[in-house]
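Below: one structure, written as structure tokens.
The values are calculated or read from the model by the stated rules, or taken from the named source; none is laboratory data. These numbers come from a predicted model, not from an experiment. So basically every Cβ, Gly included, is an ideal-geometry build from the backbone, and we count neighbours across all protein chains shown. The accessibility values were calculated without ligands, DNA or RNA, using every heavy atom of the protein model including side chains. Shrake-Rupley method; radii C 1.70, N 1.55, O 1.52, S 1.80 Å.
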Amino acid sequence: GQNIDQPTEMTATEGAIVQINCTYQTSGFNGLFWYQQHAGEAPTFLSYNVLDGLEEKGRFSSFLSRSKGYSYLLLKELQMKDSASYLCAVRTQGGATNKLIFGTGTLLAVQP
Amino acid sequence: EAQVTQNPRYLITVTGKKLTVTCSQNMNHEYMSWYRQDPGLGLRQIYYSMNVEVTDKGDVPEGYKVSRKEKRNFPLILESPSPNQTSLYFCASSLSPTSPWTGGDSYNSPLHFGNGTRLTVT
């Protein structure tokens, strides 16, 4: 079956670094996306990884290991506005659709 | 401004009363999709469309219909809503989700989401 696992909740302190993990087991792999979603709002795109390694984008970085079925999102210099849910999503292979499957999200609370 | 527009944002209705949630995108995207989001269950795909007149079921299609008569519009129809369809709904669009391993050039095209429709069925 298809499965994506993320921790349900995490707490971190303003100014610190936090790592949000995602493990996946899917039928084929066409890349992994990270999205940020504030409460009651639409998810917004953060990053995409398809090759192993680290992709850096300002305060946010995302890492992928395809052999381990593992990714993490690293948030540096945390700010209060980073309090949100972070969704890991894998684009699978199959048919004409290369479907995107979402994890249930990690709710990050940033404390002063 | 590139965007996906959903309407309405909030909707309260009664069991059995047909309703339509509209979705429109101005990015000329081929791919459009509807999701519902429920606590603890994440985003689950209801229906998707690869292009005009091409639609197919996602993971939770029961009780929903869609149509894709024009590229920009992808309405979600609930013919006879029931309380278990109370949820937060998102429409999303992207370029065609090609494979990175076969030379496709839109493999990293992310989904762009509308602002959501919070539906309550009593």
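Odds and ends about this structure:
- When the residues of the stretch B:20-55 are filtered to those that are free of Cβ contacts under 8 Å to residues at least 60 places away in the same chain and acidic (Asp, Glu), the one that is least open to solvent (accessible area, probe 1.4 Å) is B:Asp38.
- Subset of the stretch A:21-74 (residues that are open to solvent by 10 Å² or more (accessible area, probe 1.4 Å), outside any loop (DSSP other than H, G, I, E, B), more than 12 Å from chain B (Cβ to nearest Cβ) and over 28 Å from B:Thr5 (Cα atoms)): A:Asn21, A:Thr23, A:Tyr24, A:Gln25, A:Gly53, A:Leu54, A:Glu56, A:Phe63, A:Ser65, A:Tyr70, A:Tyr72, A:Leu74
- Where B:Lys17 falls short, out of the listed (1) exposed (fewer than 14 other Cβ atoms within 10 Å of the Cβ); (2) within 17 Å of B:Leu111 (Cβ to Cβ); (3) modelled with pLDDT of 95 or more: (2)
- Residue, surrounded by the most Cβ atoms within 10 Å (Cβ to Cβ), within the stretch B:84-106, restricted to residues that are in contact with a strand residue (DSSP E or B) (Cβ under 6 Å, 6 or more places away or on another chain) and more than 10 Å from every other protein chain (Cβ to nearest Cβ): B:Ser93
- For B:Thr122, the test of being more than 14 Å from chain A (Cβ to nearest Cβ), open to solvent by 60 Å² or more (accessible area, probe 1.4 Å) and β-branched (Val, Ile, Thr) is passed.
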